[in-house]
Amino acid sequence: MLKLSIFLFAALSFVMAQAQSTGDVKKLDSALTLLYKTNRFNGTILYAEKGKVVYKKAFGIVDFRTNQPLQTTSAFNLASVTKQFICMSILMLKERGQLQLDDDCKKYIPELPYDSISIRNLMTHTSGIPEYFDVFQKYKSPLDTLTNEKLIQLYSLQKPALDFATGTKWNYCNTNYLLLVSIIERISKMPMAVFLQKNITVPLGLKDTYMYHVLMPVVPANHVYGFEELGDKRKLNDLTQFDGVTGDGNIYSSVEDLYTWEQSLYTEKLVKKSTLDEAFHPVKLKDGTTYPYGFGWGIEKDRPGEYAHTGGWGGFANLIYRDTKNQRTIIELSSGSSGWGIRTARNFIQGKQLDIPPTVLIKNVKLMDGTGIPARNEQVRIQGKIIIAVGQLQPFESEVIIDGKGKILAPGFIDSHSHLAGYLSKYPEALAALNQGITTIVAGQDGGSDPVDSIKAELKRIPSAINVATYTGHASIREKIMGADQLNRPATKEELEKIKLLLRDDLQKGSLGLSTGLEYEEGFYSNRNEVIELAKVTAAEKGRYISHIRSEDINMADAIDEIIQIGREAKLPVQISHIKIALKDDWGTAANLLAALITARSEGIDITADCYPYDFWNSTLRVLFPKKDFTSLDAATYATEHLFDPEGSVMVRFAADTVYKGKTVAAIAKLRNETTAKTLLYLVAASADYQKRHPDEGGVETIMGKSMSDEDVMSFLAWGHTNICSDGTNGGHPRGYGSFTRVLSRYVKDKKIMTWEDAIHKMTALAAEHTGIKNRGVIAAGYYADLVLIDPETVKDNSNIQNPKALSDGILQVWVNGGLVYKDKKSLQKYPGEFISK
Ligand SMILES: [Zn+2]
């Protein structure tokens with residue numbers, strides 16, 4: 001045991017020695033150079049060991065409008081690194097006997113509407129006072145610029161409640177430091193800017209350090225302007241209406257000055273060692289526990305003697321980090337919207353790897369970004385999983401470049417209604433999805449789902465090429481509580497409460513919402529009240545409702561009324577799964593149904609639909625019996641005449657007698673020498689009997705039922721609130737492999753019922769919006785790099801009933817989370833798919 005720990009210690013000190021050798025500074029320099037050259041770092045850096053500066057350098061510009069180069073003396077807004085100067089000022093007043101750290105703030109700010117908050121509580125973020133950003137936003141007038149004194153007036157007038165009892169918690173809050181500045185100003189009877197100058201900057205000889213806010217008349221000359229990036233363009237992102245205040249930020253300084261400041265903390269130039277000591281001790285909470293934060297300094301976890309603070313505010317990202325054990329310091333100040341400077345500086349001083357992910361530029365594409373706006377010629381830059389820029393981008397030196405050869409680049413498609421998830425363990429390459437451009441599937445449909453936990457665990461066990469999100473299936477949680485043989489009735493009150501708990505749990509773990517399959521027997525016998533109650537639980541968790549409605553044929557009007565009522569009463573977005581008109585008598589009336597949905601929308605109900613581009617469905621024979629009277633010849637006759645076309649409907653699976661597999665119902669009737677109605681009764685009865693004998697076998701019969709008109713399908717596809725789905729699995733119905741490419745080839749190119757941009761929108765951003773999936777479905781900076789490159793000339797679905805797994809043409813390349821997963825009709829055996837939580 002002893003031997004082992006000596007060995008460990010030796011190994012550890014070796015790593016530390018490595019990190020401290022100046023050789024590593026070269027690594028730091030090349031990392032920062034790469035970041036600078038790829039627009040991920042604009043700033044200054046200083047690294048010192050044992051009182052000696054080993055490395056300092058400035059990369060970039062002071063102001064993107066003038067291109068004046070940065071220097072190591074350029075002064076950046078320190079943002080929250082300001083806080084350590086405020087705490088030092090307080091400690092100086094304490095040493096002079098002008099205050100005590102445990103003084104009640106009211107002693108200096110009697111207007112404060114809170115009792116028993118000490119100065120120490122403010123310094124350590126344990127006061128419980130709420131963040132001023134929210135309070136100011138709520139009560140400000142549009143012309144106001146906030147100042148520290150105005151803030152005190154606002155709090156004394158509005159008396160916003162404490163977030164928690166003082167001293168019981170640590171919660172980072174800028175208001176604390178605004179109040180500290182007011183205390184300093186009231187005691188010293190001078191503005192904070194003057195106090196800082198007299199007591200800190202002049203005594204330490206700091207030349208580039210000062211307080212600056214928007215109400216000051218003169219803008220200091222060496223002041224760096226904050227900015228943000230939009231593509232290759234830069235936009236000013238500097239001080240705002242908030243910046244009449246000081247304390248939480250708005251001290252400006254350079255890396256050179258900050259180093260002098262940091263070194264002074266080893267001396268007694270400003271305060272005695274014993275006074276300063278407490279600044280680097282974790283704060284004690286009322287329950288006796290501690291939090292690793294001192295006075296304007298964070299205490300690094302498991303790294304004794306190491307302290308740091310970051311600062312981020314409107315276009316600035318800074319870090320000061322001191323390792324007092326080895327007397328090492330790193331200071332990084334940057335402007336821009338990237339956090340790479342902070343990350344790299346921290347990793348360097350902590351002896352960690354400095355891997356900077358390369359960027360990839362996709363150029364020469366017709367960009368359809370998913371929003372529906374016209375295609376444009378722009379480039380897309382990816383870093384890791386994320387799109388970091390879109391626009392007129394010039395390639396960086398040594399950047400990976402992908403030439404799109406003028407083809408369409410779109411966001412990866414999002415399939416809002418998929419049954420593929422159950423096949424991913426066996427087929428993680430997910431060709432069914434990728435060959436048609438799908439990068440995200442939404443599982444848990446029609447009332448049937450696996451728990452979020454098990455989906456996550458399975459994806460961890462066998463990673464998949466595509467992303468998976470899920471709804472929580474009504475029938476699945478019903479069955480868990482009521483038992484499989486008790487689903488032929490509504491849930492009792494007690495059962496419903498238990499179902500609610502299961503639902504809430506799954507929603508909190510990341511399910512998108514509640515799905516129902518009310519036409520199927522597992523859900524059919526629930527009543528409206530049961531579903532509405534569950535929808536309310538879903539709404540409370542900000543989830544959505546998606547439904548295979550109770551009837552797609554004879555009782556459709558009722559079923560539509562039900563989903564609208566659910567949206568109205570539970571107040572949540574509702575979506576009709578695979579919208580269709582499956583009753584022959586009603587063919588051609590899509591406009592009436594859409595009118596009903598538009599009326600509901602005008603009432604404020606967020607009702608939407610998804611749709612697959614085929615006029616035949618894939619389901620069980622039992623849906624052909626809307627009253628569940630499976631032995632009635634009348635019902636069977638009605639079904640053959642009104643609900644499906646026996647000539648065009650094929651048995652895809654028929655376990656009871658595989659001879660009939662692949663034949664139409666009419667052909668089977670001919671073989672059996674009976675009417676199609678009688679054959680239908682036989683097929684249902686034989687399957688029920690087979691199922692009884694093979695209780696563990698799932699899906700003993702499946703029919704592809706021809707029951708829709710192409711005109712209705714087109715009306716539904718074209719509706720502005722319909723997104724595209726597949727409702728597919730790994731084979732079976734051709735929709736499993738061809739839905740999205742079929743929309744592009746048949747309905748965009750041949751029938752021209754919508755534009756390319758519209759179709760892409762319906763496959764991406766609209767589907768994301770309808771399912772509550774965030775940061776996907778659009779090609780824009782900050783979104784996940786799920787992408788598909790499409791050849792508009794050749795794109796075409798090839799799957800059909802005879803060959804349901806034929807791959808589509810024209811899907812050239814597919815990326816999931818930044819990784820190329822599919823190219824030239826082949827899986828690249830890469831599995832970057834993730835579980836997507838609500
Ligand atoms: Zn369905």
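Overview of values
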quantity: Any hit, the stretch 598-608, residues being within 16 Å of the ligand (Cβ to nearest atom), within 29 Å of Ser511 (Cα to Cα) and of a type outside the set (Ser, Thr, Tyr); calculated: no
quantity: Among residues of the stretch 50-63, those that are surrounded by fewer than 19 Cβ atoms within 10 Å (Cβ to Cβ) and in contact (Cβ under 8 Å) with a residue 40 or more places away in the chain, counted; calculated: 5
quantity: Residue in the stretch 512-519 that is more than 13 Å from the ligand (Cβ to nearest atom), within 27 Å of Tyr612 (Cβ to Cβ) and either free of Cβ contacts under 8 Å to residues at least 60 places away in the same chain or in a loop (DSSP other than H, G, I, E, B) (or both) present; calculated: yes
quantity: Which listed residue, of Pro626, Pro613, is part of a loop (DSSP other than H, G, I, E, B) and modelled with pLDDT of 95 or more; calculated: Pro613
quantity: Ala465 being more than 16 Å from the ligand (Cβ to nearest atom) and either part of a helix (DSSP H, G or I) or at positive phi (or both); calculated: no
quantity: Filter pass, Gly732 being of a type in the set (Gly, Ala, Ser) and free of Cβ contacts under 8 Å to residues at least 24 places away in the same chain; calculated: no
quantity: Entirely in the stretch 121-232, the helices (runs of 4 or more DSSP H) that have 1 or more residues that are among the hydroxyl-bearing types (Ser, Thr, Tyr); calculated: 132-139, 148-158, 175-188
quantity: Ala535 touching a residue at least 24 places away in the same chain (Cβ under 8 Å) and of a type in the set (Gly, Ala, Ser); calculated: yes
quantity: Candidate set: the stretch 565-593, residues that are buried (at least 20 other Cβ atoms within 10 Å of the Cβ) and in a helix (DSSP H, G or I); chosen: the one farthest from the ligand (Cβ to nearest atom); calculated: Ala570
quantity: Residue pairs meeting the criteria (Cβ under 6 Å; at least 6 apart or on separate chains; first of a type in the set (Gly, Ala, Ser), in the stretch 166-180; second not in a helix (DSSP H, G or I)); calculated: Gly167/Thr126; Gly167/Lys286
quantity: Any hit, the stretch 526-536, residues being in contact with a Pro (Cβ under 8 Å, 6 or more places away or on another chain), on the phi < 0 side of the Ramachandran plot and surrounded by fewer than 17 Cβ atoms within 10 Å (Cβ to Cβ); calculated: yes
quantity: Val531 being within 16 Å of the ligand (Cβ to nearest atom) and touching a Gly at 6+ places or on another chain (Cβ under 9 Å); calculated: yes
quantity: Among (1) within 16 Å of the ligand (Cβ to nearest atom); (2) free of Cβ contacts under 8 Å to residues at least 60 places away in the same chain, the one test that Leu496 misses; calculated: (1)
quantity: Of all residues in the stretch 636-679 being free of Cβ contacts under 8 Å to residues at least 12 places away in the same chain and under 48 Å from the mean Cα position of the chain (by Cα), the one that is farthest from Arg622 (Cα to Cα); calculated: Thr658
quantity: Cβ-Cβ under 9 Å pairs, at least 6 apart or on other chains, the stretch 616-631 side under 14 Å from Glu519 (Cα atoms) and more than 16 Å from the ligand (Cβ to nearest atom), far side aliphatic (A, V, I, L, M) and outside any helix (DSSP H, G or I); calculated: Lys627/Ile554
quantity: Any hit, the stretch 565-580, residues being among the hydrophobic types (A, V, I, L, M, F, W, C) and free of Cβ contacts under 8 Å to residues at least 12 places away in the same chain; calculated: no
quantity: Members of the stretch 349-363 found to be buried (at least 16 other Cβ atoms within 10 Å of the Cβ), under 24 Å from Ile388 (Cα atoms) and either at pLDDT 90 or above or over 24 Å from the mean Cα position of the chain (by Cα) (or both), listed by number; calculated: Leu354, Thr359, Val360, Leu361, Ile362, Lys363
quantity: So Glu429, is it under 30 Å from Leu34 (Cβ atoms) and either among the β-branched types (Val, Ile, Thr) or in a loop (DSSP other than H, G, I, E, B) (or both); calculated: no
quantity: Selection status of Ile753, touching a residue at least 60 places away in the same chain (Cβ under 8 Å) and of a type in the set (A, V, I, L, M, F, W, C); calculated: no
quantity: Boolean, Ala781 is of a type outside the set (D, E, K, R), out of contact with any helix residue (DSSP H, G or I) (no Cβ under 8 Å at 6 or more places or on another chain) and closer than 23 Å to Tyr545 by Cα; calculated: no
quantity: Positions within the stretch 696-740 being hydroxyl-bearing (Ser, Thr, Tyr), away from the ligand (no atom under 16 Å from the Cβ) and either on the phi > 0 side of the Ramachandran plot or under 32 Å from the mean Cα position of the chain (by Cα) (or both), in sequence order; calculated: Tyr737
quantity: Test result for Phe85, in a helix (DSSP H, G or I), surrounded by 15 or more Cβ atoms within 10 Å (Cβ to Cβ) and in contact with a strand residue (DSSP E or B) (Cβ under 6 Å, 6 or more places away or on another chain); calculated: yes
quantity: Strands (runs of 3 or more DSSP E) wholly inside the stretch 765-838 that include at least 1 residues being among the hydroxyl-bearing types (Ser, Thr, Tyr); calculated: 819-823
quantity: Of all residues in the stretch 536-554 being more than 16 Å from the ligand (Cβ to nearest atom) and more than 23 Å from the chain's Cα centre (by Cα), the one that is nearest to Ile773 (Cα to Cα); calculated: Lys536
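Yes/no matrix, rows are residues, columns are (1) free of Cβ contacts under 8 Å to residues at least 60 places away in the same chain; (2) assigned to a helix (DSSP H, G or I); (3) within 16 Å of the ligand (Cβ to nearest atom); (4) farther than 14 Å from Asp505 by Cα:
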{"residue": "Gln445", "(1), (2), (3), (4)": "no, no, yes, yes"}
{"residue": "Lys456", "(1), (2), (3), (4)": "no, yes, no, yes"}
{"residue": "Ala475", "(1), (2), (3), (4)": "yes, yes, yes, yes"}
{"residue": "Asn488", "(1), (2), (3), (4)": "yes, no, no, yes"}
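This table checks each residue for (1) in contact (Cβ under 8 Å) with a residue 12 or more places away in the chain; (2) farther than 24 Å from Asp791 by Cβ; (3) crowded, with 20+ Cβ neighbours inside 10 Å; (4) within 16 Å of the ligand (Cβ to nearest atom).
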{"position": "Arg376", "(1), (2), (3), (4)": "no, no, no, no"}
{"position": "Arg381", "(1), (2), (3), (4)": "yes, no, yes, no"}
{"position": "Ala389", "(1), (2), (3), (4)": "yes, yes, yes, no"}
{"position": "Gly412", "(1), (2), (3), (4)": "yes, no, yes, no"}
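The values are calculated or read from the model by the stated rules, or taken from the named source; none is laboratory data. This one's a predicted model, so the numbers in the text were calculated from it and none came from an experiment. Backbone-built Cβ (ideal geometry, glycine too); neighbour counts: all protein chains shown.
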